[in-house]
Amino acid sequence: MMLASSLNMWATPQGDNAQIAEQVRKEIVKLPFYSIFDNVEFQLTDGALELSGEVYRPVMKKMIEKVAQRVAGVNTVTNNIEILPLSSYDDRIRLALARQLYRNQVFTRHSIQAVPPVHIVVKNRNVTLEGVVNSELEKNVAFHVANGIHGVFSVTNNLRTDI
């Protein structure tokens, strides 16, 4: 089952779980403040949903939990989502990287999407790139753009090409 780049699953659900997981994904990406600076992952097992990942805005952790609880078929929700620390340095890195990445000719067509494929997680000036891209070229370009941002300590490239 293919999920949006911002939402990853640890195990591929089967049957009804696949439909429930898809509904959870849809509800999360429809949240008004969900953005490329958030990365949410989840695992669904027999109605038990475990959320993990990182969010930029503290309010998003609770909002994601609430919409997940409302999905038919979800019986329990364990919310292990981490709230990223507030930091003006991290904010500058997020914005600079988003601008540079989505202005790059390789990614300009993605910039018009409601939730573009590359998610930028910045914690204490360390960048993690999450999501699904179309090719190894896109994966490598994203990594090099992130490494070129002033103030970045390290870059972890978790981008996948499983489309």
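Laboratory data are not the source of any read-out in this text; all were calculated from the coordinates shown. Everything numeric in this text was worked out from a predicted model, so none of it was measured. Note that we place each Cβ from the backbone using ideal geometry, even for glycine, and neighbour counts take in every protein chain shown.
Odds and ends about this structure:
- For Arg125, the stated conditions hold: it is on the phi > 0 side of the Ramachandran plot, among the charged types (D, E, K, R) and either loosely packed, with under 14 Cβ neighbours inside 10 Å or free of Cβ contacts under 8 Å to residues at least 60 places away in the same chain (or both).
- Among the residues making up the stretch 83-97, those that are out of contact with any His (no Cβ under 9 Å at 6 or more places or on another chain), surrounded by 18 or more Cβ atoms within 10 Å (Cβ to Cβ) and among the aliphatic types (A, V, I, L, M) are Leu84, Leu97.
- Within the stretch 29-73, the set of residues being under 15 Å from the mean Cα position of the chain (by Cα) and within 15 Å of Gln19 (Cα to Cα) comprises Phe42, Gln43.
Conditions (1) among the hydrophobic types (A, V, I, L, M, F, W, C); (2) out of contact with any Gly (no Cβ under 8 Å at 6 or more places or on another chain), marked per residue:
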{"residue": "Glu54", "(1), (2)": "no, yes"}
{"residue": "Val106", "(1), (2)": "yes, yes"}
{"residue": "Arg109", "(1), (2)": "no, yes"}
{"residue": "Arg125", "(1), (2)": "no, no"}
{"residue": "Val141", "(1), (2)": "yes, yes"}
{"residue": "Val145", "(1), (2)": "yes, yes"}
{"residue": "Ile149", "(1), (2)": "yes, yes"}
{"residue": "Thr156", "(1), (2)": "no, yes"}
{"residue": "Arg160", "(1), (2)": "no, no"}
